[in-house]
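Reviewing the structure listed below.
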Amino acid sequence: MKYRSVFDIIGPVMIGPSSSHTAGAARIGRIARHIFGEQPERVTIHLYGSFAKTYKGHGTDVALVGGLLDYGTHDQRIVDALQNAEKAGMQVTFVPDDEQPEHPNTARLILEKGDDRMEVVGVSIGGGKIMITELNGYPLKLTGNQPAIFVVHHDRHGAVAAVATVLARHEINISYMEVSRRKKGQTALMVIETDQPVNARVADEISRLPNMLKVATLD
């Protein structure tokens, strides 16, 4: 059998050599980019476990940056992601960390643009599948397989119901919901996975509800 390139051997749906270290890493970077809402100016990436040990040899670095540039797992431009990021004005710093995470393929991404800052922890769990386990210090469990909306809000009664009411009015079905808070009565993070994407008009309507602080969507 004749192969045109090494990518034909690895498979047509991802840039290899490892689904955990490349496809999963690219998905983590891309989901972080989408939650942030735009291309960041600066990104600091802390790598843990096997990510920290093999990120250059296994292409984890280019995969994460490719995701941050909004490249899909099959996008050939991932190979040149580091150079493309520099051309696009995105400064990326990698920090291998000795801390032992719960999962060996863990990355903490800190995205910044101007005064905006967002911190995401992602885990590549194998076969290109990932889990976002933390957003700005709030614990969560997000696979990125479905559309989602993220709402930072004051921890007040009725806040969750108000968001759910808006979604219901626009006939957007909730498939999963999780609310995290650091301390009672302060701020909380509402993560809602939905069957349909939440468009900008619905997100804006939610942002204008009482007690809402920040709203982001993931298609």
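Points worth noting:
- Scanning the range 68-94 for residues that are touching a Phe, Trp or Tyr at 6+ places or on another chain (Cβ under 6 Å) and open to solvent by 40 Å² or more (accessible area, probe 1.4 Å) turns up just one, R77.
- Residue within the range 126-142 that is part of a strand (DSSP E or B) and more than 14 Å from the chain's Cα centre (by Cα) present: yes
- The criterion of at least 3 residues that are of a type outside the set (A, V, I, L, M) is met, among strands (runs of 3 or more DSSP E) falling completely within the range 167-219, by 174-181, 187-194.
- Residue check for E99: over 24 Å from G126 (Cα atoms), open to solvent by 30 Å² or more (accessible area, probe 1.4 Å) and among the acidic types (D, E): no
- If the condition is being assigned to a strand (DSSP E or B), of a type in the set (D, E, K, R) and closer than 16 Å to F51 by Cα, then the range 92-118 contributes only R108.
- Extreme residue, farthest from A148 (Cα to Cα), among residues of the range 29-47 that are open to solvent by less than 10 Å² (accessible area, probe 1.4 Å) and in a strand (DSSP E or B): L47
- Residue among V198, V179, V166 that is surrounded by 12 or more Cβ atoms within 10 Å (Cβ to Cβ), over 26 Å from M131 (Cβ atoms), among the β-branched types (V, I, T) and in contact with a helix residue (DSSP H, G or I) (Cβ under 9 Å, 6 or more places away or on another chain): V166
- Test result for V65, loosely packed, with under 15 Cβ neighbours inside 10 Å and of a type outside the set (K, R): no
- D155 vs. criteria of a type in the set (D, E), out of contact with any His (no Cβ under 8 Å at 6 or more places or on another chain) and open to solvent by less than 60 Å² (accessible area, probe 1.4 Å): yes
- Condition met for G144 (over 29 Å from V202 (Cβ atoms), touching a residue at least 24 places away in the same chain (Cβ under 8 Å) and small (G, A, S)): no
- With respect to the conditions (1) part of a loop (DSSP other than H, G, I, E, B); (2) of a type outside the set (D, E); (3) touching a strand residue (DSSP E or B) at 6+ places or on another chain (Cβ under 9 Å), S50 lacks only one, and its number is (1).
Condition check ((1) closer than 16 Å to K113 by Cα; (2) of a type in the set (A, V, I, L, M); (3) at pLDDT 90 or above) across all residues:
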site: I28; (1), (2), (3): no, yes, yes
site: G37; (1), (2), (3): yes, no, no
site: T54; (1), (2), (3): no, no, no
site: L82; (1), (2), (3): no, yes, yes
site: A85; (1), (2), (3): yes, yes, yes
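- Those residues of the range 53-62 which are outside any helix (DSSP H, G or I) and either surrounded by fewer than 16 Cβ atoms within 10 Å (Cβ to Cβ) or on the phi > 0 side of the Ramachandran plot (or both), in sequence order: K56, G57, G59
- Of residues in the range 201-219 being among the hydrophobic types (A, V, I, L, M, F, W, C) and closer than 19 Å to L140 by Cβ, the one surrounded by the fewest Cβ atoms within 10 Å (Cβ to Cβ): L213
The values are calculated or read from the model by the stated rules, or taken from the named source; none is laboratory data. From a predicted model like this one, the values you see are computed outputs, not experimental measurements. All Cβ positions, even for glycine, are placed from backbone atoms using ideal geometry, and neighbour counts span all protein chains on display. Ligands, DNA and RNA are excluded from the accessible area calculation, which covers all protein heavy atoms including side chains. Shrake-Rupley method; radii C 1.70, N 1.55, O 1.52, S 1.80 Å.
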